[in-house]
Amino acid sequence: MMTTKSMRYDHPAYTARTVGSVNFAAGASAAKGKYVAFTNMILKSATVTVTVAGTTTGAATTLTFNHISGTTTTSVGVAAMGTAAAFVNSTNVVLGGGTTTMAQGDIIQANRGADASLTGEIAYELVVVPGADVTD
């Protein structure tokens, strides 16, 4: 049987960064790169690395990061990828000022622009809210 526990406020589970790594596949104007919070967490940033370069520029290659909580969707950041070459560099975006709290089950996702060929990997940086329940 699985149980949950809350540790002391300064326990390493609450002070270390957690990384959720996801990819975003090809396909225009679609929701990709979804990560679900396993407990109450604070969004810090997203680092995006292109694996297949886009073929257009401007808004078509933009990733808009949305926090979804129940029926509420809030934009928390934008990454302009342009025609970044594959595996050459990465883009880091602070999400929601680094203070947006996600409840257990909330989603952070990247919404793609119209460029259908751009693909890549996203690493979400998060922190477990001190006192939040974790699995024992």
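Coordinate-derived values only; no laboratory data. Worth saying up front: this structure is predicted, and the values here are computed from it rather than measured. All Cβ positions, glycine included, derive from the backbone under ideal geometry; neighbour counts span all protein chains shown.
Using 7 Å Cα-to-Cβ label points, what is the THR101/ALA30 separation (nm, one decimal)?
Inter-label distance under the simple model: 3.5 nm.
Name the long-range amide H neighbours of VAL78: under 5 Å, sequence gap of 5 or more, or other chain; modelled H, no Pro or chain starts.
Those qualifying (amide H under 5 Å, at least 5 residues apart or on another chain) are PHE65.
By how many nm would the segment from VAL19 to PHE87 grow when fully extended, if each residue of separation counts as 0.36 nm and the alpha-carbon distance is taken off?
22.5 nm
Return the Rg/Rh ratio of the chain with Cα-based radii and a Kirkwood Rh.
My calculation puts Rg/Rh at 1.03.
Return the sequence-ordered ³J(HN,Hα) values of the range 90-105 in whole Hz as given by the Karplus equation 6.51 cos²θ - 1.76 cosθ + 1.60 applied to θ = phi - 60°, using x for Gly and Pro.
Result, rounded to whole Hz: 10, 10, 10, 10, 6, 9, x, x, x, 10, 6, 9, 9, 7, 3, x.
Give the peptides 18-30, 97-109, 35-47 in descending order of average Cβ contacts within 10 Å, highest first.
So the peptides 18-30, 97-109, 35-47, ranked by packing, come out 35-47, 97-109, 18-30.
What length, rounded to one decimal in nm, is gained on full extension from ALA80 through to THR135, with 0.36 nm per residue of separation minus their alpha-carbon distance?
16.1 nm
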